[in-house]
Amino acid sequence: MVDGQRMTIADDVRTNGATPNPWWANAVVYQIYPRSFQDSNGDGFGDIQGIISRLDYLAGLGVDVLWLSPVYVSPQVDNGYDIADYQNIDPRFGTMDDMDELLREAHKRGLKIVMDLVVNHTSDEHAWFRASRDKNDEHADWYWWRPARKGHEPGTPGAEPNKWGSYFGGSAWTYDQKRGEYYLHQYSAKQPDLNWENPKVRKAIYKMMNWWMDRGIDGFRMDVIAEISKRVDSNGKLPGEQGGHIPDLPANHGYSTPFLACTDGPRLDEFLREMRHAVFDGREGYMTVGEAPGIRLKRDGYITDPVHGELDMMFLFNHVLFDCKNYDTWTPVPFKVDGLRKIMAKEQKVVSKAGWASLYFSNHDQPRALSRWGDDSEAMRVKSAKALGLLLHMHRGTPYIYEGEELGMTNAHFTQLEQYRDIQSLNIYKERVDEQHRVSPEEMMDVLAKRSRDNARTPMQWDGGKYAGFTAADASVEPWIAVNPNHDVINAEAEVGDPDSVYSFYKRLIELRHTNAVVAAGDWKLVDAHDEHVYAFTRSLGGEKLLVAVNCSGQTVPIPRQAAKLLASSGKLDEGRLLISVTGSLPVNGQLGPWEGFVYYV
Ligand code: NOJ
């Protein structure tokens, strides 16, 4: 194959178990967080026209698919993951005409558009929920409404139907005065869970999805899709309702978690299959990726196996939770490459024969991987950004790049609570510092600086100007969240033409995914599974084998035994066999310097 030319790898991949004709198997997806990407009208808020103005940049980077976080009408309590109208664009982002223009302009450049689909819940301002507050309305059963606990006055403390806490703090039940009942919300009180048991709900959702597909979008990223089916007993009751037993999980400060009952419920496969038929049958060229926090790995293999007709890929969470004590984001434990490797290995294995992996380290819900696992200091930032990029992109699956990752953007490093905007971060501070006095303000600020979702949400750094080119320098309104001051050094303008930049490195990684069959489809196998610093593996396809080795530490370390043996077995080190490396050259003296890594034909 000619270097630089996009190949079709359908056949290679098919022999390795993925969906027949999976165009997405050697595609690279780029996630846009619209409110932080590009503001076109000086209101401090990113918008669709802003995205259109940056399409040439994205096409230049070489990505294939743009995933847009939600741009639908929304009160924005959870930055658009609380949708009030699925079939209209929020005026903050623009109009439906803008959306159509984006689709046209993206397609013209060979870019596909995948929309976020948030259907585990709506906003409480959605017409369905409003109607549902009336017990006599036909929407009465569209959400999880429950009476107060027997013997309790509705709306008083302890009268909630069970003891579940919301993932965003407080009870997972909110009392509605008008209806005289409680509704379930796993997330904020303004994000009521839809009742997927009701076939009318499902029908309405599929209709809306078809409407978007007909409009020309290329698929969906499905928000917390593994939570749509809940475990109810034969009487339709949720665990713990009216005093029954709730399965134990680590207590969440007075609340139990809805996790066991609301993740991967008994009808998930049925719903996903039904959705596939109702929306995607007869369509081509689309993709689906489902977000599935906490789902068992085996289930990833099942759900993404094309034979079962459910989803093309899923976002797993195991590898972004290994450095959290008891799965608590707010209790970070130090990064050890072994922890990451063990979990990534399991995630790779479960889809090695059938099904397919999504590959991500960063997104709008995670701190930036570069600051989290790498080293964002001036001396090491570029190297460790490249090393982490190399590591992720050499795995088997479809890589996802989160906006700014390709520039080596870092965490926000906020120092004041007032700088944060994220509902989850603000609620956890209130809960643990103000209400429970569990941690000191200083400790919590330190944790937020490491873990808040806002770390990933600061404006995209386009140039070194006042607002980083995100919003016009003379705009009268400040960006909705502060621009990272390091945009004077870290920005697209400085990196695009620089062959040694993080941007140029990512561009090459994307090119390899398109042009190198081994990178795209080769089998994945761990090497030196226990090395303390170096994460190494091979990729093989046909007669070809690549050795990937990345030093995930700030020390100079020897290339571990098995990797060194593989290198030695292929003779004297030869530039011609080097596919890509962090430094641009071969390893020297059998060692890897801080955050160095390479991919070599062995
Ligand atoms: C996952 C989304 O990625 C996150 O941003 C959101 O807060 C929750 N789902 C609830 O929709």
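Would you be able to tell me the number of residues in segment 256-294 that are outside any helix (DSSP H, G or I), more than 16 Å from the ligand (Cβ to nearest atom) and crowded, with 23+ Cβ neighbours inside 10 Å?
The number of residues fulfilling the criteria is 1.
Exactly one condition in (1) open to solvent by 40 Å² or more (accessible area, probe 1.4 Å); (2) within 27 Å of ILE246 (Cα to Cα) is not met by GLU227; state its number.
With respect to (1) open to solvent by 40 Å² or more (accessible area, probe 1.4 Å); (2) within 27 Å of ILE246 (Cα to Cα), GLU227 is out only on (1).
Which count do you get for residues in segment 409-447 that are in a helix (DSSP H, G or I) and either touching a strand residue (DSSP E or B) at 6+ places or on another chain (Cβ under 6 Å) or within 16 Å of the ligand (Cβ to nearest atom) (or both)?
The number of residues fulfilling the criteria is 6.
Restricting the search to segment 362-375, which residues are surrounded by 24 or more Cβ atoms within 10 Å (Cβ to Cβ) and either within 9 Å of the chain's Cα centre (by Cα) or at pLDDT below 95 (or both)?
SER362
Across segment 114-141, which residue is farthest from the ligand (Cβ to nearest atom) among those that are small (Gly, Ala, Ser) and open to solvent by less than 40 Å² (accessible area, probe 1.4 Å)?
Among those residues, the one meeting the criterion is ALA140.
Just need a number here: residues in segment 211-238 that are closer than 16 Å to MET96 by Cα and touching a residue at least 12 places away in the same chain (Cβ under 8 Å).
6
I'd like the full set of residues that are within 16 Å of the ligand (Cβ to nearest atom) and in contact with a helix residue (DSSP H, G or I) (Cβ under 6 Å, 6 or more places away or on another chain), limited to segment 332-367.
Within segment 332-367, PHE361, SER362, HIS364, ASP365, GLN366, PRO367 qualify.
Could you list, in sequence order, all residues of segment 482-530 that are farther than 17 Å from GLU406 by Cα, in contact (Cβ under 8 Å) with a residue 40 or more places away in the chain, of a type outside the set (A, V, I, L, M) and not in a helix (DSSP H, G or I)?
Answer for segment 482-530, where residues must be farther than 17 Å from GLU406 by Cα, in contact (Cβ under 8 Å) with a residue 40 or more places away in the chain, of a type outside the set (A, V, I, L, M) and not in a helix (DSSP H, G or I): ASN516, GLY522, ASP523, TRP524, HIS530.
I want to confirm something. Restricting to segment 170-188 and keeping residues that are more than 22 Å from VAL232 (Cβ to Cβ) and in contact with a Phe, Trp or Tyr (Cβ under 9 Å, 6 or more places away or on another chain), which single residue is least open to solvent (accessible area, probe 1.4 Å)?
Selected residue: SER188.
Considering only segment 534-554, I want to know if a residue exists there that is closer than 17 Å to LYS383 by Cα, assigned by TED's automatic domain parsing to the domain that holds ASN589 and of a type in the set (S, T, N, Q).
yes
Answer yes or no: is there a residue in segment 566-574 that is at pLDDT 95 or above and under 30 Å from the mean Cα position of the chain (by Cα).
Within segment 566-574, none of the residues are at pLDDT 95 or above and under 30 Å from the mean Cα position of the chain (by Cα).
Restricting to segment 437-469, and then to whatever is in contact with a Lys or Arg (Cβ under 8 Å, 6 or more places away or on another chain) and open to solvent by 30 Å² or more (accessible area, probe 1.4 Å), can you tell me which residue is modelled with the highest pLDDT?
Among residues in segment 437-469 that are in contact with a Lys or Arg (Cβ under 8 Å, 6 or more places away or on another chain) and open to solvent by 30 Å² or more (accessible area, probe 1.4 Å), the one modelled with the highest pLDDT is LYS450.
Among the residues of segment 499-529, how many are surrounded by fewer than 22 Cβ atoms within 10 Å (Cβ to Cβ), basic (Lys, Arg) and closer than 30 Å to VAL489 by Cα?
The total comes to 2.
For segment 261-290, give me each residue that is under 20 Å from ALA27 (Cα atoms) and acidic (Asp, Glu).
GLU284
Would you please list the contacts, defined by Cβ atoms under 7 Å and residues six or more apart or on different chains, that run from a residue in segment 396-412 that is at positive phi to a residue that is of a type in the set (S, T, N, Q)?
As it stands, the answer is GLY397/SER358; GLY404/GLN461, since those pairs meet every condition given.
Take segment 181-218 and flag every residue that is under 21 Å from the mean Cα position of the chain (by Cα), away from the ligand (no atom under 16 Å from the Cβ) and farther than 19 Å from LEU268 by Cβ.
ILE217, ASP218
Identify the residue in segment 419-436 that is at pLDDT 95 or above and open to solvent by 80 Å² or more (accessible area, probe 1.4 Å) and, among all such residues, is farthest from GLU403 (Cα to Cα).
Of everything passing the filter in segment 419-436, ASP434 is farthest from GLU403 (Cα to Cα).
Being open to solvent by less than 10 Å² (accessible area, probe 1.4 Å), within 18 Å of ASP137 (Cα to Cα) and modelled with pLDDT of 95 or more, is that true of even one residue in segment 198-209?
Yes, the conditions are met somewhere in segment 198-209.
So ASP338 clears everything in (1) surrounded by fewer than 20 Cβ atoms within 10 Å (Cβ to Cβ); (2) touching a Leu at 6+ places or on another chain (Cβ under 9 Å); (3) of a type outside the set (Lys, Arg) except one condition, right? Which one?
(2)
For segment 57-78, how many residues meet the condition of being crowded, with 21+ Cβ neighbours inside 10 Å, more than 13 Å from the ligand (Cβ to nearest atom) and assigned to a loop (DSSP other than H, G, I, E, B)?
Adding up the residues that qualify gives 3.
Would it be correct to say that ARG104 is in contact with a strand residue (DSSP E or B) (Cβ under 6 Å, 6 or more places away or on another chain) and open to solvent by 30 Å² or more (accessible area, probe 1.4 Å)? Reasoning before the result, please.
Working: in contact with a strand residue (DSSP E or B) (Cβ under 6 Å, 6 or more places away or on another chain): no; open to solvent by 30 Å² or more (accessible area, probe 1.4 Å): yes.
No, not satisfied.
The values are calculated or read from the model by the stated rules, or taken from the named source; none is laboratory data. If you're wondering where the values come from, they're calculated on a predicted model, not measured in any experiment. All Cβ positions, glycine included, derive from the backbone under ideal geometry; neighbour counts span all protein chains shown. For the accessible areas, the whole protein counts, side chains as well, though only heavy atoms, and no ligand, DNA or RNA atoms are used. Shrake-Rupley method; radii C 1.70, N 1.55, O 1.52, S 1.80 Å.
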